[in-house]
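Notes for the one structure printed next.
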Amino acid sequence: MPDSSFDVIIIGAGPGGYVTAIRAAQLGFRTAIIERAYLGGICLNWGCIPTKALLRSAAIYHYMQHAKDYGLAAGNATFDTGAVVKRSRAVSKRLNDGVGFLMKKNKVAVIWGEAAIDAPGRITVKAAAAEAPKGALGAGSYQAKHIIVATGARPRVLPGLEPDQKLVWTYFEAMVPERVPKSLLVVGSGAIGIEFASFYKTMGADVTVVEVLPQILPAEDAEIAALARKSFEKQGIKIHTGTKVTRLDKKSDSVTATLDDGKGGTRTIEAERVISAVGVVGNVEGLGLEKLGVKIDRGTIVIDGVCRTNVPGIYAIGDVVGPPMLAHKAEHEGVICVEAIKGLKPHPMDKNLIPGCTYCHPQVASVGLTEAAARDQKRDIRVGRFPFVGNGKAIALGEDQGLIKVIFDKNTGQLLGGHMVGAEVTELIQGYVIAMNLETTEEELMHTIFPHPTLSEMMKEAVLDAYGRVLNI
Ligand SMILES: Cc1cc2nc3c(=O)[nH]c(=O)nc-3n(C[C@H](O)[C@H](O)[C@H](O)COP(=O)(O)OP(=O)(O)OC[C@H]3O[C@@H](n4cnc5c(N)ncnc54)[C@H](O)[C@@H]3O)c2cc1C
């Protein structure tokens with residue numbers, strides 16, 4: 001095969017794209033990946049990873065401020081915004097380099113530039129402004145039997161709320177502040193908005209969150225979201241739900257926002273900076289998709305259960321095919337996609353089994369049906385709950401606020417959903433994901449031995465509670 005010909009070419013080296021490339025190479029495909037900006041995509045460079053690094057700094061700062069609660073003294077805790085951001089960028093850089101290493105290790109060719117599909121099987125790559133990693137192929141024409149679009153997403157822009165990089169930020173600017181603003185308005189209370197609200201509040205900003213829907217973290221179980229809200233408000237975050245930002249008036253170094261509560265009430269609030277966190281939209285433009293007749297619906301590429309578009313030879317995965325816009329969903333789709341191309345028979349994606357995590361303080365995590373969704377589906381359910389205050393490890397950690405909630409089908413004992421708010425729940429949720437994936441029933445969960453003392457014991461207690469057998473509360 002000439003250097004420009006491959007079995008599989010993936011456009012976009014985010015978590016969806018690069019994992020797809022590795023799996024394709026493992027399956028014996030001659031594989032290339034095209035990237036125009038940064039290996040690792042949004043996730044490693046401007047999303048999942050750098051936010052977690054910022055939140056880690058915030059968590060340590062929080063504990064330093066509360067050192068006395070643990071019998072310790074940390075003096076007068078302070079921070080250096082530049083150093084906090086520098087650490088976060090270094091973490092991203094390390095992982096970005098790691099993707100380069102993984103491509104080499106798996107003999108995946110990296111092509112640097114902006115890709116467009118000329119026809120099924122043919123791609124043109126134009127030079128990109130960003131510096132290419134060492135050894136990458138450059139602009140030119142490339143061929144592949146299978147082209148996988150993994151071009152991800154970018155911030156959604158609402159009219160009147162256009163980001164300007166100075167006063168109105170997206171996640172790009174919010175990730176690298178020169179200093180922590182005195183006051184901050186966060187528009188949108190999904191995971192991205194809430195994580196930034198939590199980070200900036202801990203670092204001392206006066207934070208207001210505005211959400212148009214009736215609850216914050218709209219995808220989460222209402223009871224869990226309400227508990228998270230209570231905790232954020234206790235920390236001093238101001239929250240307005242059922243409220244729209246209707247107007248932004250910019251001054252030289254601040255913004256006045258007009259809020260409409262939908263009941264005829266308006267008010268204005270002043271903030272130094274605004275973060276627009278109103279969702280993301282798929283990068284579907286400039287790829288030649290319209291010309292090829294690839295079906296696009298409301299900004300996302302339409303695919304079937306194994307990630308094929310309606311045009312043979314063109315596939316799509318990750319954020320560009322729609323929600324949930326999560327890295328682990330993108331990765332899993334990529335694996336399904338290439339395994340199906342290989343002729344293996346991967347299980348199609350079950351979206352109900354995709355966990356969601358928000359790494360705020362306290363953390364929120366969930367999988368499966370919320371209580372409301374289960375009731376909407378007319379399922380006969382049993383609900384179990386266990387509060388952190390009844391768990392020894394939570395009390396030892398000084399983290400006794402939170403709840404674990406489970407939803408079972410009353411007739412079959414099938415675990416339908418798990419929902420959590422509290423310390424470290426983003427690490428716990430996978431227990432229920434595995435249980436649901438294995439179609440575990442309440443009996444099996446009740447017979448499972450959980451280590452003591454751990455936060456995970458609450459996962460068993462919540463199950464026991466659903467069946468009237470809770471022990472430690
Ligand atoms: C602030 C923030 C925090 C987040 N936190 C989490 C989290 O904690 N957990 C989680 O699961 N998800 C999180 N996400 C979402 C996560 O980042 C995305 O779901 C994930 O990155 C999607 O992966 P992807 O491979 O589909 O696309 P992306 O990561 O967006 O990668 C797409 C890549 O394609 C490249 N590209 C686009 N067009 C072209 C072209 N024409 N030619 C060449 N290259 C192109 C882009 O440069 C980019 O590198 C977060 C997102 C943000 C913004």
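The values are calculated or read from the model by the stated rules, or taken from the named source; none is laboratory data. Please read all numbers here as calculations on a predicted model, not as lab measurements. When we count neighbours, we look across all protein chains shown, and the Cβ atoms used for this are built from the backbone with ideal geometry, even at glycine. Accessible surface areas use protein heavy atoms only, side chains included; no ligands, DNA or RNA. Shrake-Rupley method; radii C 1.70, N 1.55, O 1.52, S 1.80 Å.
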Per residue, accessible area of region 339-391 with a 1.4 Å probe, heavy atoms of protein chains only, in Å², comes to 50 Å²
Contour minus Cα-Cα span, Lys145 to Tyr63, at 0.36 nm per residue, comes to 24.1 nm
Expressed in angstrom and rounded, the centroid-to-centroid distance over alpha carbons for region 188-210 and region 358-432 is 23 Å
Among Leu415, Ile148, Pro159, the residue whose Cα sits farthest towards the positive end of the charge dipole of the chain, when +1 is placed on the Cβ of each Lys and Arg and -1 on the Cβ of each Asp and Glu, is Ile148
Length gained, Thr266-Ala116, 0.36 nm per residue minus C-alpha separation, equals 49.4 nm
Here the averaged projected area of region 172-226, based on the convex hull of its alpha-carbon atoms and given in nm², is 4.0 nm²
Cα-based Debye curve of the chain sampled at q = 0.10, 0.11 Å⁻¹ gives log₁₀ I(q)/I(0) of -0.83, -1.00
For Leu471 and Glu439, extending 7 Å from Cα along the Cα-Cβ vector and measuring point to point gives, in nm, a value of 2.9 nm
Mean Cβ-within-10 Å packing, highest first, puts peptides 452-460, 408-416, 13-21, 275-283 in the order 13-21, 275-283, 452-460, 408-416
For the chain, averaging the sequence separation of alpha carbon pairs under 8 Å that lie six or more residues apart and dividing by its residue count, the contact order in percent is 14 percent
Note: Ser252 to Ala90 extended length (0.36 nm per residue) minus current alpha-carbon separation gives 55.1 nm
Computed for region 1-60: size of charge dipole around the Cα centre, +1 on C-beta of each Lys and Arg, -1 on C-beta of each Asp and Glu, debye to nearest 20, value 260 debye
Simple spin-label estimate for Val176/Lys105, 7 Å along Cα→Cβ, in nm, reads 2.8 nm
Kirkwood calc, region 230-372, C-alpha pairs only, radius in angstrom 19.0 Å
Dividing the mean separation of Cα pairs under 8 Å (6+ apart) by the residue count of region 362-473 yields a relative contact order in percent of 32 percent
Along the dipole axis of region 357-473 (charges at Cβ: +1 for Lys and Arg, -1 for Asp and Glu; origin at the Cα centre), the most positive-end residue among Gly392, Gly431, Ala372 is Ala372
Honestly region 242-326 on the Cα gyration tensor test (a ≥ b ≥ c root eigenvalues; a/c under 1.5 rounded, otherwise a/b vs b/c for prolate or oblate) is just prolate
In terms of the charge dipole of the chain, which places +1 on Lys and Arg and -1 on Asp and Glu at the beta carbon, the residue among Val280, Met349, Gly264 farthest towards the positive end is Val280
Taking Cα pairs closer than 8 Å and at least 6 residues apart, the relative contact order of region 1-118 in percent is 35 percent
Once amide hydrogens are built 1.01 Å from N within the peptide plane, the residues lying 5 or more places from Leu137 or on another chain with amide H under 5 Å from its amide H are Val110, Ile111, Trp112
Computed from the beta carbon distance with a Förster radius of 41 Å, FRET efficiency for Asn76 and Leu213 to the nearest 0.05 stands at 0.55
Magnitude of the Cβ-charge dipole (Lys and Arg +1, Asp and Glu -1) of the chain about the Cα centre, nearest 20 debye, reported as 820 debye
If every Lys and Arg gets +1 and every Asp and Glu gets -1 at its Cβ, then about the Cα centre region 62-198 yields a dipole, in debye to the nearest 20, of 540 debye
In nm, the gap between the two label points placed 7 Å beyond Cα toward Cβ at Val302 and Leu158 is 2.8 nm
Over all Cα pairs of region 381-473, the Kirkwood radius sets Rh, and Rg/Rh then becomes 0.94
Under the Karplus relation with 6.51, -1.76 and 1.60 and θ = phi - 60°, whole-Hz ³J(HN,Hα) for region 55-70, x at Gly and Pro, equal 5, 5, 4, 4, 5, 5, 4, 4, 5, 4, 5, 10, 4, 4, 4, 9
For Thr370, the accessible surface traced by a 1.4 Å probe with all protein chains present amounts, in square angstrom to the nearest 10, to 30 Å²
